[in-house]
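What follows is a single structure, written as structure tokens, with notes after it.
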Amino acid sequence: MSKKGGAVTPSAHGLPSGQAGPAPRRGTDPADPLDLIGIGFGPSNLALAIAAEELDPGADRLFLERNTGVHWHPGMLLEGARMQISYLKDLVSLRNLASPYTFLSYLKAKGRLEKFVNIGVTRPTRLEYQDYLSWVAGHFADVVRYRSEVVSVTPVTGPGSTALDLLHVRVRDTATGTPYSLYARNVVHAGGGTPRRGTPDRICDTPSVIHSSRFLPAFPHRFPDHDAALDLGVVGDGQSAAEIAAHMLTHYPNAKVHLFVPGYALRATDNNPFVNEQFYRQNADAFYADDPHRRALLRTELRNTNYGAVEAGYLDTLYDITYADEVRGEPRLVVHRGCDVTRITEDGPRLNVLVRDRTGGPDRTAICDGVVLATGYTRELDPAVFAGLDPLLRRDDFGALLVSADCRVDADESLTAGFYVQGYAEGAYGIGDTLLSLLPFRSQRIIDDLRARRPEDRPSAGPYPPDHYVEKDLERVRAVMERFNFATVISADRDARVLVTHVPLVVERDRGGEHGTLIGHLDRSNPQVELLRDRPVTVVFHGPNSYLSPDVLKTDKLPTWNSMSVHVHGRARLFSGRDELLRVFNGLCEQAEPRPGSYRLRPDDERIDQLLSHVVGFEVDIHELTGRFKLSQDLDEDNRALAAADMARDLGEERRTFVADVFDLAPRSARPDDGPGSCGCTLGGPPAGTDAALAREAGQTVR
Ligand SMILES: Cc1cc2nc3c(=O)[nH]c(=O)nc-3n(C[C@H](O)[C@H](O)[C@H](O)COP(=O)(O)OP(=O)(O)OC[C@H]3O[C@@H](n4cnc5c(N)ncnc54)[C@H](O)[C@@H]3O)c2cc1C
């Protein structure tokens, strides 16, 4: 980096140098991208930086933070304010107690370990937590650039690729305004929330109306005379509102404080240990695995563990202040119950605060000198930053991002670069999504996922299945799926418990994406049903397979097993409409008995309605299709023909005898009343004549 006379000049990399942090070794050229860029360096990405160093030390990563350092909610670093969680829920302890970045390690490094133990508290002050975060960040100076604001994230196609495999991150140096570009295979966005303050036509944009996120720097600056007789407003009923009201009462002894709350009064946070079990890792995982309707209900039920509620002890503190005022005969806190602040307008040097009565009473106007909006944050992707990426991201019917258990946002197939979010999917992960409790686990999940997707980190030496076994002719692959449509449907829940069901499926070639769609049905009581609700799924089609004896061949080979199987990866969706289910039933009949005049269901058959109440339909939008055809590719033409004939033979008479044995029936030749092909039909397999057809097909495949 070069620095002349204190001025910031571009470095050799074309990046602005100076105090921002190291110029990245990689990432400025799309041909040499970073593995990971983290947006923001608050607690979420600090936890990620630790997890990355401990679990994935080799990868190249860079975090970009627009501030000049780690500043954790600086507007609310009120003296004496305490964390809402135990110091043991630091950035790493719950994942790795031996980490050098635990809160206890920090205390030891600062020489305060014994003193902290001596004061006997479990919840440090916010000031101390901020100091802890800064101390951790100091260890990661080589992977973070400060005063670096990400202004856009856009998918691009890297050199030699056909997919959108990189994310182009445009950055602005906040000190100089200099823009620069970086490229990464993955981006983890942990940019926090956006202060909720209402549009300027409703809530006037003046220095006297301050969001709580800017309380400490802005409020004393706007109201420097602490002895003035002011009317100060606070809008909100959460922890920040209570803390700000108490701060005003303490620091502005002659001020009247108007607290505008939507309910009857401030309420206590429900943080009893039973309720707090929601923050156990396994319970958060169970929440994610639950169906969306139940998740929404639970979120509503648990809302007051974080929103619109104040820590019970703090309510007492605030009330003690107001009682002392009563004793002095100078009540100063005015609680405006049951109201919404709908408008704030300037009136000379003062403010008119228009209040709507939620219980139906008349609107009122309160006059204030200053108002603090303790109205919380919204958690949305900034449209200005993500305009180029957002159209490729998948969302549910309510507009919420669809995310994997590992925080990766589901995206269009054209996007192979990874986009992960921390704190933007409370609907999927629960109340803990925007809080600190789950950071150690969440960061591990993200790192594990990044590693699992990196080809060079996969354990096998070469690609699997080996390229020469991968069938390139998709017609053949589909033929196996259609002829051998009794498939294995595999799902995994959040605890990696695998559920498997064997069902016949219909292949709908022309529906869905490039590879088509599978449809089928399950018994409603099958526990796997819940795992097919808008979830990833794997389906395996087992085509013909057979033992190949060396005796069959004209060459000296070890025995082996030839087989054709197809692996499908996709996303499952459930349905239960009569028409859709009828399409499944009819499709199965038509696929099994394609000949004209074969059995077909009558839509008005009453028995169908009885059946419908017991089953649920599902479809799989196929994202990936792999035919693994291991067909003696290592042999010469003659020997492959022998192998093919042997497989075809194995599919014939011997199997028929075996099936008869398993059914505990006499061999078919001894049962003169058996019609031709009845055995195949009973098994739901292809019609009579199949053996010959398969022999032909096997012959073609090996040629
Ligand atoms: C006053 C207050 C107290 C809280 N106390 C607790 C508590 O005790 N316990 C608890 O569990 N939770 C608490 N929370 C919840 C809080 O959300 C989490 O503590 C935590 O801040 C979440 O961390 P984060 O890294 O996801 O987001 P943040 O802490 O908000 O950090 C986001 C970072 O990203 C940076 N950034 C944003 N956009 C960009 C961009 N485009 N380019 C570069 N950088 C960017 C920001 O500057 C910021 O540093 C509290 C919240 C508040 C407001």
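The values are calculated or read from the model by the stated rules, or taken from the named source; none is laboratory data. In this text, all values refer to a predicted model and were calculated from it rather than measured experimentally. Glycine gets a Cβ as well: all are built from the backbone with ideal geometry, and neighbour counts include every protein chain shown. Ligands, DNA and RNA are stripped out before the accessible areas are found, and what is left, the full protein with its side chains, is counted by its heavy atoms. Shrake-Rupley method; radii C 1.70, N 1.55, O 1.52, S 1.80 Å.
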Per the charge dipole of the chain (beta-carbon charges, Lys/Arg positive, Asp/Glu negative, Cα centre), the residue among P273, W72, S93 reaching farthest to the positive end is W72
The extension gain from T174 to I321, computed as 0.36 nm times the residue separation minus the Cα-Cα distance, is 48.7 nm
Full extension between R356 and L113 adds, at 0.36 nm per residue less the Cα distance, a length in nm of 82.4 nm
Of 127-134, 572-579, ordering from highest average Cβ density within 10 Å down gives 127-134, 572-579
For L113, the accessible surface traced by a 1.4 Å probe with all protein chains present amounts, in square angstrom to the nearest 10, to 60 Å²
Shape descriptor, segment 347-454: equivalent ellipsoid semi-axes (Cα gyration tensor, sqrt 5λ, whole Å, largest first) stand at 41, 17, 14
Of every hundred units of 1.4 Å-probe accessible area on the chain, the number belonging to carbon and sulfur atoms, as a percent, is 53 percent
With the dipole of segment 27-93 defined by +1 on each Lys or Arg Cβ and -1 on each Asp or Glu Cβ, the option from A51, Q84, I37 whose Cα lies farthest towards the positive pole is Q84
Rounded to the nearest 10 Å², the 1.4 Å probe accessible area of M83 is 10 Å²
PRE zone check, label point 7 Å out along Cα-to-Cβ of T122, amide N under 20 Å, scope segment 251-274, hits 268-274
Two pseudo-spin positions, 7 Å from Cα along C-beta at H71 and at N96, lie apart in nanometres by 3.0 nm
Phi-derived 3J(HN,Hα) across segment 422-428 with the Karplus relation (6.51, -1.76, 1.60, θ = phi - 60°), rounded Hz, x for Gly and Pro, is 10, x, 10, 8, 4, x, 8
Taking K557, K115 and ranking on accessible area (1.4 Å, protein atoms only), highest first, one gets K115, K557
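Determine the calculated [θ] at 222 nm for the chain from helices alone, applying -39500 (n - 2.57) to every DSSP H run no shorter than 4 residues and normalising by the residue count; nearest 500 deg cm²/dmol.
Taken over the chain, the calculation gives -8000 deg cm²/dmol.
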Measure of exposure for Y420: accessible area at 1.4 Å probe, Å² rounded to 10, is 0 Å²
Expected sort for 142-150, 496-504 on mean C-beta neighbours within 10 Å, highest first, is 142-150, 496-504
Answer in debye to the nearest 20: the dipole magnitude of the chain about its Cα centre, from +1 Lys/Arg and -1 Asp/Glu charges placed on Cβ, is 1380 debye
Number of Lys pairs in the chain closer than 30 Å at Cα, excluding neighbours under 8 places apart unless interchain, is 8
L612 neighbourhood, Cβ < 15 Å, K/R = +1, D/E = -1, net charge -2
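Antiparallel as a % of all DSSP beta bridges within the chain, to the nearest 5?
Around 70 percent of the beta bridges assigned by DSSP in the chain are antiparallel ones.
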Here the residues of segment 284-303 lying in the modelled label zone of R533, meaning backbone nitrogen under 12 Å from a point 7 Å along Cα-to-Cβ, are 287-298
Simple spin-label estimate for H226/Y469, 7 Å along Cα→Cβ, in nm, reads 7.5 nm
P74 neighbourhood, Cβ < 12 Å, K/R = +1, D/E = -1, net charge +2
Of the residues L522, V261, V327, the Cα lying farthest along the dipole of the chain towards its positive end, which is defined by charges on the beta carbon of Lys, Arg, Asp and Glu, belongs to V327
Row for segment 115-270, column shape: gyration tensor on C-alpha, a ≥ b ≥ c, rounded if a/c < 1.5 i.e. under 1.5, prolate if a/b over b/c, else oblate; value prolate
Note, segment 593-606: 3J(HN,Hα) by Karplus (6.51, -1.76, 1.60, θ = phi - 60°), whole Hz, Gly/Pro = x, goes 10, x, 5, x, x, 6, 4, 9, 6, 8, x, 8, 5, 4
Interchain or sequence-distant (5+) residues whose placed amide H lies within less than 5 Å of the amide H of A255 are L230
Shape call for the chain, from the Cα gyration tensor axes a ≥ b ≥ c (a/c under 1.5 means rounded, otherwise prolate when a/b beats b/c, else oblate), comes out prolate
For the pair C589 and R214, the simple spin-label estimate (label points 7 Å beyond Cα toward Cβ) gives in nm 7.0 nm
Ordering 387-397, 246-256 by per-residue average of other C-beta atoms within 10 angstrom, highest first, gives 246-256, 387-397
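Rg to Rh ratio, segment 467-633, alpha-carbon atoms and Kirkwood radius?
1.04
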accessible surface per residue for segment 467-633, probe 1.4 Å, DNA/RNA/ligands not counted, whole Å² -> 50 Å²
